[in-house]
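The values are calculated or read from the model by the stated rules, or taken from the named source; none is laboratory data. All of these numbers come straight from a predicted model, not from anything done at the bench. Quick reminder, even Gly has a Cβ in these numbers, built from the backbone with ideal geometry, and neighbours come from all protein chains shown. Just so you know, the surface numbers come from the protein's heavy atoms only, side chains and all, with ligands and any DNA or RNA stripped out. Shrake-Rupley method; radii C 1.70, N 1.55, O 1.52, S 1.80 Å.
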Amino acid sequence: MNITENLKQVLNELPEGVRLVAVSKFHPNKAIEEAYRAGQRVFGESKVQEMTAKHESLPKDIEWHFIGHLQTNKIKYIVPYVALIHGIDSYKLLAEVDKQAGKVGRTVNCLLQLHIAREETKFGFSFDECREMLASGEWKLFQNIRICGLMGMATNTDNAEQIKTEFCSLRNFFREVKDKWFSESEAFKELSMGMSHDYREAIATGSTLIRVGSKIFGDRNY
């Protein structure tokens, strides 16, 4: 498994304006260090304890993205250093991030996660739930979070048309949300879509952040 070559192959496919989050969850420090030496600085983790341990032991200029399902009682451990939380799937979670970030004097960047897949196992707001939360306006009172865009996961399927349809629905919703609630916000610009099996479709549909793990690091067989 040549992590450096795999990384370069993915990076070479990225058009301007699209960034790679190298999904390093469950992989050891040595794998991250190889990608780091090849120039990668943005890494994604899905377990708070694992990400915190890696943050403490790896170079400090790494930009850590939390891409998993975040529990409210774990937020306090990542707010001192996390660069972006991809999976804000409830108002309650957003409020808790704001509260914990306030305690450490930080403003934490967040993405709202939308449920676009035909799978019950995935988390996220429905489009209507997200509209309702944003329309309420209560989130505008938060001082320590910055909503930077949206995130979604397509159905895990080989049906490219279905994947494209789901990504398009999120892109269109992104435009609606931007126009209606964030037209004045320069920060609201990220659309996190696409993983190892569907990042090409995501890029074609307007993704600005792709989350790629196995295509770079291989299966977890260390």
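Assign one of three labels to the chain, namely rounded, prolate or oblate, based on the Cα gyration tensor with a ≥ b ≥ c the square roots of its eigenvalues; rounded applies when a/c is under 1.5, prolate when it is not and a/b is larger than b/c, and oblate otherwise. Don't skip to the answer; put the middle values down first.
Details: a/c = 1.77, a/b = 1.17, b/c = 1.51.
Oblate.
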Worksheet entry | Antiparallel content of DSSP bridges confined to the chain, in %, to 5 | 0 percent
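Among the listed pairs Lys103/Lys215; Lys25/Lys92; Lys60/Lys164; Lys8/Lys180; Lys47/Lys189, give every one whose C-alpha distance is greater than 32 Å. Please report the intermediate quantities before stating the final value.
On the way: Lys103/Lys215 38 Å; Lys25/Lys92 25 Å; Lys60/Lys164 37 Å; Lys8/Lys180 38 Å; Lys47/Lys189 25 Å.
Correct reply: Lys103/Lys215; Lys60/Lys164; Lys8/Lys180.
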Discussion item. Over the chain, what is the relative contact order in percent, taking alpha-carbon pairs closer than 8 angstrom and at least six residues apart?
Written reply: 21 percent
Worksheet item: Lys30: which aspartates and glutamates have alpha carbons under 18 Å from its alpha carbon, excluding same-chain residues fewer than 8 sequence positions away?
Response: Glu5, Glu45, Glu50, Glu56, Asp61, Glu63, Asp219
Practice prompt. Give the cross-link partners of Lys178 among the aspartates and glutamates, using a straight C-alpha distance below 13 Å as the criterion and excluding same-chain residues fewer than 8 apart.
Written response: Glu186, Glu190
Discussion item. Suppose every Lys and Arg Cβ carries +1 and every Asp and Glu Cβ carries -1, with no other charges. What dipole size does region 88-222 come out with about its Cα centre, to the nearest 20 debye?
Written reply: 460 debye
Worksheet entry | Average Cα contact separation per residue, region 75-153, under 8 Å, 6 or more apart, as relative contact order % | 37 percent
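What whole-number value in Å² describes the accessible area per residue of region 3-217 for a 1.4 Å probe?
On the way: 10030 Å² over 215 residues.
Per residue, region 3-217 has 47 Å² of solvent-accessible surface.
With runs of 4+ DSSP H residues as the only contributors, calculate the mean residue ellipticity of the chain at 222 nm using -39,500 (n - 2.57) per run, divided by the residue total and rounded to the nearest 500. Walk me through the numbers before you get to the answer.
Numbers: 9 runs with 89 residues, N = 222.
Calculated at 222 nm, the ellipticity per residue is -11500 deg cm²/dmol.
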Response to the item:
Highest GNM mean-square fluctuation among Ile145, Ile62, Ile210, for the chain with Cα springs under 10 Å, belongs to Ile62
Worksheet entry | Pairwise centroid distance, computed over Cα atoms, of region 200-215 with region 158-199, Å | 11 Å
Worksheet item: From the residues Gly124, Leu112, Asn73, which one has its Cα farthest along the dipole of region 61-154 in the positive direction, the dipole being from +1 and -1 charges on Cβ of Lys/Arg and Asp/Glu about the Cα centre?
Response: Asn73
Practice prompt. Tally up the carbon and sulfur contribution to the accessible surface of the chain as a whole percent, 1.4 Å probe, everything protein left in place.
Written response: 45 percent
